[in-house]
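> Please find one structure pasted underneath; my questions will follow.
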Amino acid sequence: MDNIAGQKTGLAWATHISVLLLVLIWLIPTVGLLISSFRDRDQISASGWWEAPFAVELTARGRTSAEAVPEGGGFVITGNIFDDEEAASYFGASPGAVVAFGTRGAAPTEFEAGTVADLGDGESLSINPDGTYRWVTPEEPGSRGQRVYFAANSPPKFTLDNYRTVLAADNMDRAFINTLTVTIPATVIPILVAAFAAYALAWMEFPGRGLLIAAVVGLLVVPLQLALVPMLNFHNAIGVGQSFVGIWFAHTAFGMPLAVYLLRNYMIGLPRDIIECAKVDGATDFQVFTRIVLPLSFPALAAFAIFQFLWTWNDLLVAKVFLPSSDEAKVMTVKIADDLLGSRGGDWGILATAAFVSIAVPLVVFFTMQRFLVRGLLAGSVK
Amino acid sequence: MSPILQGIITIIIGVGGCVGYFFLSNLILDTLIYPARGKNIASNIRRANMVRPWLFLFPAIFALSLYLVYPVIGSFLRSLYNRSGNEFIGLQNYVELFASPEFRTAFLNNILWALVVPAGATAFGLLAAQLTDRLSWGNIAKSLIFMPMAISFVGASLIWKFVYAYDADIGLINAIRAGLFGSEPVDVMQIPFWNNFFLMFILVWIQTGFAMVILSAALRGIPEETIEAAIIDGANPFQIFFKIKVPQIMGTIVVVWTTITILVLKVFDIVYTMTGGNFGTEILPSYMMSFMFRDDGRATAIAFVIMLVVLPVMVWNIRQARAEQR
């Protein structure tokens, strides 16, 4: 309908390309995080995640063996540099080709692989791309071989090491369980409370109804920040303090305006006939609500549940204030923002993994329940 | 007791308590206080029906007034007291705040956030909604643009930390700069003034999907005849979009815009994670958190300033909602 004859193809192409570009900008950062989380930590610092499928040039150091064979007035030591434990530790099972080598830490890639490097005093060293070396020295070497530095291609390496570290050493597993513990009650409890209130606001006649609806709309906007100090003091006063119980209360109440608003908007759209018929037949409001309105409102209930789940799972502010700051009670967002960014600030693999662990569940919920989420958004915003 | 067990018990007590409350209170109302029998049956039923809405509403109203209404007053009162809360100092906290350059930076940055983020997210959302509308793979594209909605602000900040990183082997921006122009890496988080926009883009990235979903529904609700008429009159696609479609969904655009504005004024996570408020990127919510647990008087004063900034949006929202009801 929008397309006008003649301009159609050019415009269609432009549309395809613009959307593709937009999608790429929106997707690439997340993909980068996911790829980084599976990469080996040496490789992360040596090349960008976009080069992950290619070999990485890593600089390593090792030592030749000291088993010299006399030859022509001097000694020759041969072997493969990857047989050295220290050198091999950089590369894992299948090291790639040696690119360059050197004998000084300051210039680890002084000489190209395959060439013979003159080290002075009649000494020479060559390392071939496959790692075999030949060291010629006029004097018999002592118990230790020659120190060598070299750069070799390391094949792309993907591991689950980061996940192991994050979950085991960084207490992320504990934080994951804590997040779950905060989220589920904080999602379930508000639904029922809000549903009853929404029904009253949608289908019961009483003085002050309009005012209450306006108040709910107004409370949607009240910044959470206002509640932090007074409610924390209140929790301390009634003995709840900083605890899971406290954060369940807080999330339940903070989610309430959206829940009531969303559910009321949905319930008011239900067919009036059904509800009036039921009332004529002698159903009480309680029965109308539990038998008719609640089952019919399932899409809105699901939408709110997803919202509240995502919001409580992703929340940092409420968790920082209403949960104790000890390590046993940290949720994942707090763990990442307060702990890992400080102690593991430069460890990109760990950061990526921790972030991915924390966003995995919401992403799964999002992609499986997207239908409900979209419907809920539309019920809440457009009338 | 382990938190998991505690959580399960809470769910049972919470849900059971709610069901029990609603069921029992109704039962008591209908059988004990105003029984629907005897000689006063008609007036009893009427009275019971007058009380019932309040039974239904009570838990929600209780939670709302305790956690959202009382704090507005409680925070304001607390902000009139000094740090330890034992001495009334009037508006001293506010005076000191407005005198501090940090607060002014935070306030101005916040105004910038409240203008740029809703504008950016709505514009990108409208663009995405219009472009994907008739695309064969439009739904997949929408789904992917919508995805950041599910990601936490902390997670999103980490994701973008990888893009903004100084190291050209980590940061995409510096890698592209090095690859295309051979430039030296820059730390975008430390470029004065512009670093704010890099932070704002993270929130735009998150919120665009929201704007897109709602605007795309609004675009589909436009009557076809108006567009047909425009085509017959010889309007080009750009004229159709800007002169026919956009004016018709203006109401929705405003709703999206205000919703995102309200959100912007609550988000402290991004600044907190990315810069900790350094390099001139402080905004009010993050500035408030820097006083939280240290100086409740100052913290509540900042919270109340945020409230005052939100107030016009709130009034507008209520008026809008009341107009709809009529």
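No lab work stands behind these numbers, since they all come straight from the coordinates. A quick note: this is a predicted structure, and the numbers were derived from the prediction, not measured. Glycine also receives a Cβ, built like all others from the backbone with ideal geometry; neighbour counts cover every protein chain displayed.
> Where the only charges are on Cβ atoms (+1 Lys, Arg; -1 Asp, Glu), what is the dipole of the protein assembly as shown about its Cα centre, to the nearest 20 debye?
My answer is approximately 4120 debye.
> Kindly identify the range B:93-325 as rounded, prolate or oblate by the Cα gyration tensor criterion: order the square roots of the eigenvalues as a ≥ b ≥ c, call it rounded if a/c is under 1.5, otherwise compare a/b with b/c, prolate if a/b is larger, else oblate.
Oblate is the answer for the range B:93-325, as a/c is 1.5 or above yet b/c matches or exceeds a/b.
> To continue, here is another question. For A:ALA107 and A:HIS16 in one chain, what is 0.36 nm times their gap in residues minus the Cα-Cα distance, to one decimal in nm?
Value of the extension gain: 27.8 nm.
> So, one more: To the nearest 0.05, what FRET efficiency results for B:LEU5 and A:LYS279 with a Förster distance of 51 Å applied to their C-beta separation?
Efficiency, from the Cβ-Cβ distance: 0.75.
> What nm distance separates the two modelled labels at B:GLN92 and B:LEU308, each placed 7 Å from Cα along Cα→Cβ?
Result: 1.9 nm between the two label points.
> How do the peptides B:82-88, A:227-233 rank, highest first, by the average count of neighbouring beta carbon atoms within 10 Å per residue?
A:227-233, B:82-88
> Further, regarding this structure: Name the shape class, rounded, prolate or oblate, that the alpha-carbon gyration tensor gives for the range A:71-114, where a ≥ b ≥ c are the square roots of its eigenvalues, rounded holds for a/c under 1.5, and otherwise prolate holds if a/b is larger than b/c and oblate otherwise.
Since a/c reaches 1.5 but b/c is at least a/b, the shape of the range A:71-114 is classed as oblate.
> Run the simple label-point estimate for B:ASN49 and A:ALA237 please: 7 Å along Cα→C-beta, distance reported in nm.
Using points 7 Å along Cα→Cβ, the separation is 4.1 nm.
> Shifting gears a bit: Excluding residues fewer than 8 places away in the same chain, name every one of the aspartates and glutamates whose C-alpha is closer than 13 Å to that of B:LYS142.
Hits, sequence-local ones excluded: B:ASP133.
> Over chain B, with a Gaussian network built from C-alpha contacts below 10 Å, which listed residue (B:MET189, B:MET212, B:MET50) shows the highest mean-square fluctuation?
Among B:MET189, B:MET212, B:MET50, the largest GNM mean-square fluctuation belongs to B:MET50.
> Given the DSSP H assignment, sum -39500 (n - 2.57) over each helix run of at least 4 residues in chain A and divide by its residue total; what's the result at 222 nm in deg cm²/dmol, nearest 500?
Using -39500 (n - 2.57) per qualifying helix, the result is -16500 deg cm²/dmol.
> Taking the Cβ of A:ILE274 as the center, what net charge do the other residues with Cβ under 13 Å away carry, scoring Lys and Arg +1 and Asp and Glu -1?
Cβ neighbours under 13 Å give a net charge of 0.
> A further question on this structure: What is the range B:102-200 by shape, rounded, prolate or oblate, if you read a ≥ b ≥ c off the alpha carbon gyration tensor as root eigenvalues and call it rounded for a/c under 1.5, prolate for a/b larger than b/c, and oblate otherwise?
Oblate is the answer for the range B:102-200, as a/c is 1.5 or above yet b/c matches or exceeds a/b.
> Residues of B:39-48, mean number of Cβ from any other protein chain within 10 Å of their own Cβ, rounded to a whole number?
Taking the mean over all residues of the peptide, I get 0.
> Other chains near A:19-31: what is the mean number of their Cβ atoms within 10 Å of each residue's Cβ?
Counting Cβ atoms of other protein chains within 10 Å of each residue's Cβ and averaging gives 6.
> For B:68-77, what's the mean count of beta carbons from other chains sitting within 10 Å of each residue's beta carbon?
Mean inter-chain Cβ contacts per residue within 10 Å come to 6.
> Using 1/(1 + (r/R0)^6) with R0 = 41 angstrom and r between the beta carbons of A:ALA360 and B:PHE293, what's the FRET efficiency to the nearest 0.05?
0.85
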